[in-house]
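Data block below; observations after.
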Amino acid sequence: MGFPALLKWMFSSDSGLYLATKIAVLSSKVLMSGGGSVADADDAAGAEVARYNTPEVSLQRKRNEDSIMRDDGDDDEEQPPILTCSFFLDHVGEVFLTLKPDGLSWKLMDSLCNDHEDRSTCLGIPILSKHDTSINISDVYAVEFIDWGLVHETFLTNPGFLLGHASEMYRFTVHGVTRSKSQSSLWAPVVFTFGHVDKQMCQMWVNKINSLLSLETDRPKNLLVYINPGSGKGNGCRTWESVAPIFSQAKVKTKVIVTERAGHAFDAMASITNLDLNLYDGIIAVGGDGFFNEILNGVLLTRHRAPYPPSPPDDDPTVETESDVLLHDPTVTIVDSTVSNDDESPLLKTSKLDEAQAISLNQGSEMSFPNERFRFGLIPSGSTDAIVICTTGVRDPMTSALQIILGKRVCLDIVQVVRWAKSHTSKIEPHVRYAASFAGYGFYGDVITESEKYRWMGPKRYDYAGTKVFLRHRSYEAKVAYMKAESEKTNVGANARRIKAFWGLSKESERITCRAKCDICNTTSVAPQIEKPDPKQKSNWVSVKGRFLSIGAAVISCRNEKAPDGLVADAHLSDGFLHLVLIKDCPRAFYLWHLTQLARKGGTPLNFDFVEHHKTTTFTFTSSGEESVWNVDGEILKAQKLSAQVFRGLISLFASGPETHFIEFIQDQLLPSTMSTPAQYYNSLPPVAKTYATICFVTSLGCYLQLYSPNILALYYVDVLKHFQIWRLITNFIFIGSFSFTFAFRLFIILKYGVQLERGPFDKRTADYVWMFFFGAFSLLPIAAIPFLWSHFMGASLVFMIVYVWSRELPNTRINIQGLVELKGFYLPWAMLAIDLVIGNPLMPSLLGIAVGHLYYFLTVLYPLAGGNDICKTPFWVHKLVRRWGQGYQINSPVKQEASTGGAFQGRSYRVGGTSTARDPSNLGVFSGRGRRLAGR
């Protein structure tokens, strides 16, 4: 073959391009390695050509090409490849890249030519998967040609060079999205850089991928962005700066406006003409829920045409269960002219737009809602960010930004709140407000009112204000009328069910939570259960009158960091229902229990006799008191008479809905009511921590009841040696103090950090966990024989040992101490030591616990990892003891289990990688590490 024919073959076929690229890279490596000459490069290139034309490689290459052709025809008949070529993937190596209409995929070239050999290993440990790596076009938001530059080859694909090599070639990058493996709702940007010696080849791929991206018509091209610089902790501008680059990479035009005062965004949205608004694909709010509410009201108040909800009936003492509802039916929602003067909302009180101006700007408008094209977006930068958490699953600005860029869409219910009268003396005139998440009265209104006095505190003001309002414990006389829904399930008989649940006699029904691609929210047909009954029919209304601690109307679940499941866990984003929650007057302790359940994952805050939960589409409210303050999406609204109605899917949001792993789905859907009572919580504790905590509590209880004196339990070596009171060697470890704050603090350590250890690092290793306690006791007993280290009770030291081992096993876990300090788990023992110092506890027991904990961790983890013998492995007698106990699991137990016995020692290892009780010699390598510690006898 002549030279011209050789060049033509090289640049006209994939095989030729691959060989040309390989030769170029080999030549560059020789020249860049220092000392190489042009002759050496020629020799390397010739050797590669010779290897490429050997019968073995030619046969393998032919098989690979046939395999690729078969894949195109068999596996993906509906998705034939558009382009295929060999490239160099930065930090990976040579790959065979395939472009199909639905995405990109690539394989390592070495694995194509050597299917029998996996070279993706580091010192014998597999690192890269043999399987194809790919990214869907729906997850790609940008591709760009970046001209000539370095492409690095990783040592994983070139074992001869430990640090890898870099070669210069033309490059293009693919920007896409990856989802976290541990939390599927968390998204992050990912970049793949491909290199090739042919510039035209790179440009052709870029153009082809861009043509596929242009088919994604739901993605925004032009956005209007409003930033509230004072949201949350005042980091609105910094939040936008962190995500702005990906909007530029995705070629999304953004007009950014930083608000200068409260009500700025509302005025801008209400005054902008529909012609100008239609130039944008959506509006993005960088801030909190209140700021989003400001923009939402600015858009909807002058553009949403709908009848008012029925107004509250006049007070009539003869009416107790039915409602005389006044129905207003205007043809347009009107902006209240008092919005700029007497409304108490911090966001709207400085609005300068009056009613006539707002309506005149949008006469003859073509923009209406629901609107398929126009969408709202929210990038979280507020105090709670409940809307973002409910619609994306996480409170992460990058996730929200990526979902906006990719054009994700979810419909959202909106509630229209109409204030008919501000006070008893006010005249009846409608004042409209829209809310996307929640409207609350009583406790909720008092908290938002009180928190406005402490805005300088940032998000912490809600904790402070909530505590003050709770201690005040005010209830209000009011009357609520709501429209019955066919599918509503109230909590009638909640007291009886709670008593049964407390003793484990019943189980709550399943809660169907809202997820991405939710069947309930995506139902297009109007189901019978969401058909609105005739409001003129009295039989469709139910009235409730009395004293209430709070009244809440939730549009969505309102999940946030303080309420993991939200106020109503099974509320959906677009099901057409309001969730009306009425909290009747009750003792402070009962209300605290309700709030505690609200703050717990899997809690049941609605399962109380003083709580009513109703699904409805419309409700009215009338206050009997002088003061009446509502919290509408975090903003204040004073209303003595009020009514509300929900509009299903009124707006569209740039979001996908919260995604979930299968394990999370099982936990949320099949086990929704676990640990909702003290009995269920106690039964859910792992065996070792539960047993130790129970013994400590019972021991202190006996002392409190004066059944015995603590001196009988104390460690006195004189009594042990002279009077053979050997129980003192044990009982001093199970007494952690008389009932006091110190006792509660130590019991808390066992129930939190001890439980986390047993469920985490010591999962399925019950015998090893029991041995940790024995090791601590055996180490502390001789230490106590030293006079200046002696203590009556060594239980405090044993408890502090738990803290230290937890800090070493989970060093990167973020912990928050009473909302004051946030630090890594590694520093927890020292933080606990500081707390002991502050409250006046002696420091010596805690220091001894740290010392013994470090000794245990050194002998069982650090020393074996350094190549030493496992001299502190769990003894055989501990395995036998735990086996006889019959609780927990031990995957490496040397005890033979009888076939007739239960499964106390069944399970599989997640840390060692096997279930064999004997040590496999093939596993004794450099990285055997922790396997030495856990391996059986």
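Derivation of every value follows stated rules applied to the coordinates shown; laboratory data play no part. Treat the numbers as computed from the prediction; the structure is a model and nothing was measured. Positions of Cβ are generated from backbone atoms using ideal geometry, with glycine treated the same way; all protein chains shown enter the neighbour counts.
In what order do Lys255, Lys641 fall by count of nearby beta-carbon atoms within 10 Å, going from fewest to most?
Numbers: Lys255 12, Lys641 22.
With the fewest neighbours first, Lys255, Lys641 line up as Lys255, Lys641.
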- Query: Given the Cα-Cα distance of Asp463 and Arg884 and 0.36 nm per residue of separation, how much length would full extension add, in nm?
  - Reply: 146.7 nm
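Kindly identify segment 548-605 as rounded, prolate or oblate by the Cα gyration tensor criterion: order the square roots of the eigenvalues as a ≥ b ≥ c, call it rounded if a/c is under 1.5, otherwise compare a/b with b/c, prolate if a/b is larger, else oblate. Please report the intermediate quantities before stating the final value.
Details: a/c = 2.90, a/b = 1.37, b/c = 2.11.
Here segment 548-605 falls in the oblate category.
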- Label-point separation in nm, Ile871 to Leu837, each point 7 Å along Cα→Cβ: 3.4 nm
- Task: Give, rounded to the nearest 20 debye, the magnitude of the charge dipole that segment 716-835 has about its Cα centre when Lys and Arg contribute +1 at Cβ and Asp and Glu contribute -1 at Cβ.
- Result: 60 debye
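Estimate the FRET efficiency between Thr178 and Asp147 by the formula 1/(1 + (r/R0)^6), using the beta-carbon distance for r and 25 Å for R0, to the nearest 0.05.
Values: r = 26 Å, r/R0 = 1.03.
After rounding, the FRET efficiency stands at 0.45.
Multiply the residue separation of Lys517 and Trp593 by 0.36 nm, subtract the distance between their alpha-carbon atoms, and state the gained length in nm to one decimal.
Length gained between Lys517 and Trp593: 23.9 nm.
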- Message: Only counting other Cβ atoms within 10 Å, I'd like His579, His572, His91, His304 sorted with the fewest neighbours first.
- Response: His91, His304, His572, His579
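What pairs from Lys181/Lys453; Lys453/Lys484; Lys427/Lys584; Lys615/Lys824 go past 32 Å between their alpha carbons?
Working: Lys181/Lys453 42 Å; Lys453/Lys484 39 Å; Lys427/Lys584 29 Å; Lys615/Lys824 43 Å.
Too far apart for the 32 Å limit: Lys181/Lys453; Lys453/Lys484; Lys615/Lys824.
Of Lys722/Lys880; Lys408/Lys601; Lys468/Lys690; Lys100/Lys199, which pairs sit farther than 30 Å apart, going by alpha carbon to alpha carbon? Present the calculation step by step, with values, prior to reporting the outcome.
Numbers: Lys722/Lys880 32 Å; Lys408/Lys601 28 Å; Lys468/Lys690 35 Å; Lys100/Lys199 21 Å.
Table pairs above 30 Å Cα-Cα are Lys722/Lys880; Lys468/Lys690.
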- When Phe145, Phe773, Phe292 are ordered from fewest to most other Cβ atoms inside 10 Å of their Cβ, what list results? Phe145, Phe773, Phe292
- Message: In segment 774-814, whose amide N lies under 11 Å from the spot 7 Å out along Cα-to-Cβ of Trp727? List them in ranges.
- Response: none
- Query: Roughly how many Å is it from the Cα centre of segment 179-251 to that of segment 795-853, as a whole number?
  - Reply: 43 Å
- Message: Could you check the spin-label model distance between Glu429 and Arg305? Points 7 Å from the Cα along Cα→Cβ, value in nm.
- Response: 2.5 nm
